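A short write-up of the structure that comes next.
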Amino acid sequence: MFTITTTIMILMVLASVGFFTLMERKILSYMQSRKGPNKVGFQGILQPFSDGMKLFLKEYVFPFNSNFIVFFISPFLGILQSLTSWMLFPYSVNYTEFNLGFMFFLMVLSLSIYVMIISGWSSNSYYSMIGAMRSVSQAISYEVTLSMVLMMYMLLLESYSFNEMFLIQKNQWMMIMSVTTFYIWISCCLAETNRSPFDFSEGESELVSGFNVEYGSKGFALLFISEYSSIIFMSMISCMMFLGGNFFEFSFFLKMSIVCFLFIWIRSSVPRYRYDLLMYMAWKCYLPMTLNMIMFFIMVKNMLSYHFFKFMYYIKLISKIKLNYKPSVNQPN
């Protein structure tokens, strides 16, 4: 049963990536006052299948000076890392619950940087090496803040399970309680998935295509699928943490689509940051804010615990008084 559900999940993720690219091209085209893909199938609905066939049927060309084995393997490592993160998806059938879901999420997320480093180094190109070095410094900067945001909710929940996020948000969303944290989280997600305005590892204007400049055909397709599946996965985690997290309702997947639309909207409307401003924002703005928010969450947790234990003490005291109270014989009932 686990093999069947895993296979279905992988197929659904691949189909979601294809139609997410179609949605992105459509939204970007209408935001730029032009028509998107509308020739293949009804209103371009079959365009993802056409693009996939074109990419996988093209000839796979290797650069002469590249490290052949590593260059060939790194796209497969990228797609493996991206699909492994989807193990956190909550199935309704054969439900796999991680008691250490937060730690597993951070562990798998940190592996994505190695794919970029290996891809950029094995290509033996100046552009790919610069893109890989940029991605390293970017990941170091933003994964610290991302870990701090997760640590806030670990301290609040006293648990590492994403299922607790669903239980605690039955009456109120986390986004309403901490809008600033949600803004920081979305910015870090954009940086982690190499999306505009933080797409420094694959800046088209100065690096041609960045760390994947030498990849074509199947290698580029695998790196492309891994990037877009990571975007959808981060949208799902954002909904689980901040937007209710009730994954048994249709509204959960609607909220996922809205967060995916937010990724596209930011790409079409926000220009690329300067690199020094990115580092400044990560270390001097986001990191102090998240540290202060951690202190705030600790204070809130301690205050709630204090008032809870005080309330329980009074309840116990009242019950003891009632048990020790013995009315006199002449006293009416």
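Can you say whether Leu77 is modelled with pLDDT under 80, more than 19 Å from Ser235 (Cα to Cα), among the aliphatic types (A, V, I, L, M) and under 26 Å from the mean Cα position of the chain (by Cα), as far as the supplied structure shows?
no
Checking Ile27 against (1) in a helix (DSSP H, G or I); (2) farther than 28 Å from Leu88 by Cβ, which single condition isn't satisfied?
Of everything listed in (1) in a helix (DSSP H, G or I); (2) farther than 28 Å from Leu88 by Cβ, Ile27 misses just condition (2).
Condition check ((1) under 16 Å from the mean Cα position of the chain (by Cα); (2) at pLDDT 80 or above) across all residues:
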position	(1), (2)
Asn65	no, no
Phe72	no, yes
Met87	yes, yes
Asn94	no, no
Phe104	yes, yes
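From the list Leu291, Leu287, pick out the single residue that is within 20 Å of the chain's Cα centre (by Cα), modelled with pLDDT of 85 or more and not small (Gly, Ala, Ser).
Just one listed residue meets the conditions, Leu287.
For the stretch 134-148, which positions are among the aliphatic types (A, V, I, L, M) and modelled with pLDDT under 80?
Pass one, the stretch 134-148, residues among the aliphatic types (A, V, I, L, M): 136, 139-140, 144, 146, 148.
Matches in the stretch 134-148: Val136, Ala139, Ile140.
If the requirement is being modelled with pLDDT of 85 or more, crowded, with 20+ Cβ neighbours inside 10 Å, among the aliphatic types (A, V, I, L, M) and over 15 Å from Leu146 (Cα atoms), which of these qualifies: Ile184, Ile225?
Going through Ile184, Ile225 in turn, just one is modelled with pLDDT of 85 or more, crowded, with 20+ Cβ neighbours inside 10 Å, among the aliphatic types (A, V, I, L, M) and over 15 Å from Leu146 (Cα atoms): Ile225.
I'd like to check something: does the stretch 200-213 contain any residue that is polar (S, T, N, Q), assigned to a helix (DSSP H, G or I) and either farther than 24 Å from Leu277 by Cα or modelled with pLDDT under 80 (or both)?
Our first condition is that a residue be polar (S, T, N, Q); within the stretch 200-213, this holds for 201, 205, 209, 212.
Keeping just the survivors that are assigned to a helix (DSSP H, G or I) gives 205, 212.
Still in the list and also either farther than 24 Å from Leu277 by Cα or modelled with pLDDT under 80 (or both): 205, 212.
Checked against the condition, which is being polar (S, T, N, Q), assigned to a helix (DSSP H, G or I) and either farther than 24 Å from Leu277 by Cα or modelled with pLDDT under 80 (or both), the stretch 200-213 yields at least one hit.
Pairs under 6 Å by beta carbon, first residue without any contact (Cβ under 8 Å) to a residue 60 or more places away in the chain in the stretch 128-143, partner part of a helix (DSSP H, G or I), six or more apart or different chains?
So the pair list comes out as Met129/Gly120; Ala139/Ile113.
Residues that are aliphatic (A, V, I, L, M), in contact with a helix residue (DSSP H, G or I) (Cβ under 7 Å, 6 or more places away or on another chain) and at pLDDT 80 or above: does the stretch 160-178 have at least one?
So far as the stretch 160-178 goes, yes, one or more of its residues are aliphatic (A, V, I, L, M), in contact with a helix residue (DSSP H, G or I) (Cβ under 7 Å, 6 or more places away or on another chain) and at pLDDT 80 or above.
Filter the stretch 7-21 for residues that are touching a helix residue (DSSP H, G or I) at 6+ places or on another chain (Cβ under 8 Å) and among the hydroxyl-bearing types (Ser, Thr, Tyr); which is nearest to Leu83 (Cα to Cα)?
Ser16
Return yes or no: is Val149 over 12 Å from the mean Cα position of the chain (by Cα), over 30 Å from Ser122 (Cα atoms) and free of Cβ contacts under 8 Å to residues at least 24 places away in the same chain?
Taking the combined requirement at face value, the residue does not satisfy it.
Scan Phe248, Phe297, Phe252 and give me the residue that is loosely packed, with under 13 Cβ neighbours inside 10 Å and over 25 Å from Gln32 (Cα atoms).
Step by step, each of Phe248, Phe297, Phe252 is checked, and only Phe248 is loosely packed, with under 13 Cβ neighbours inside 10 Å and over 25 Å from Gln32 (Cα atoms).
The values are calculated or read from the model by the stated rules, or taken from the named source; none is laboratory data. Since we're looking at a predicted model, the values are computed, not measured. Cβ: placed from backbone, ideal geometry, glycine included. Neighbour counts: every protein chain shown.
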